[in-house]
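Visitor: Can you read through this structure? Questions will come right after.
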Amino acid sequence: MAAKMKALERENRELRQANEILRKASAYFAQAELDRRFKP
């Protein structure tokens with residue numbers, strides 16, 4: 001049971017990191033798109 005809990009905690013941490021990376025990437029691409037639109 002404890003091992004299962006540890007595995008779930010590790011998976012949760014990995015997913016949070018991946019989520020954070022995706023959030024930063026999408027913010028970056030959204031900003032790049034806005035920059036592209038407003039430049040002649």
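The values are calculated or read from the model by the stated rules, or taken from the named source; none is laboratory data. Since we're looking at a predicted model, the values are computed, not measured. Neighbour counts run over all protein chains shown; Cβ positions are idealised from the backbone, glycine included.
Visitor: Any chance segment 15-37 includes a residue that's at pLDDT below 95 and of a type in the set (Lys, Arg)?
Guide: Scanning segment 15-37, I find at least one residue that is at pLDDT below 95 and of a type in the set (Lys, Arg), so the answer is yes.
A quick yes/no check of all residues on (1) loosely packed, with under 10 Cβ neighbours inside 10 Å; (2) of a type outside the set (A, V, I, L, M, F, W, C); (3) in a helix (DSSP H, G or I); (4) within 13 Å of the chain's Cα centre (by Cα):
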{"position": "Lys4", "(1), (2), (3), (4)": "yes, yes, yes, no"}
{"position": "Glu11", "(1), (2), (3), (4)": "no, yes, yes, no"}
{"position": "Glu20", "(1), (2), (3), (4)": "no, yes, yes, yes"}
{"position": "Asp35", "(1), (2), (3), (4)": "yes, yes, yes, no"}
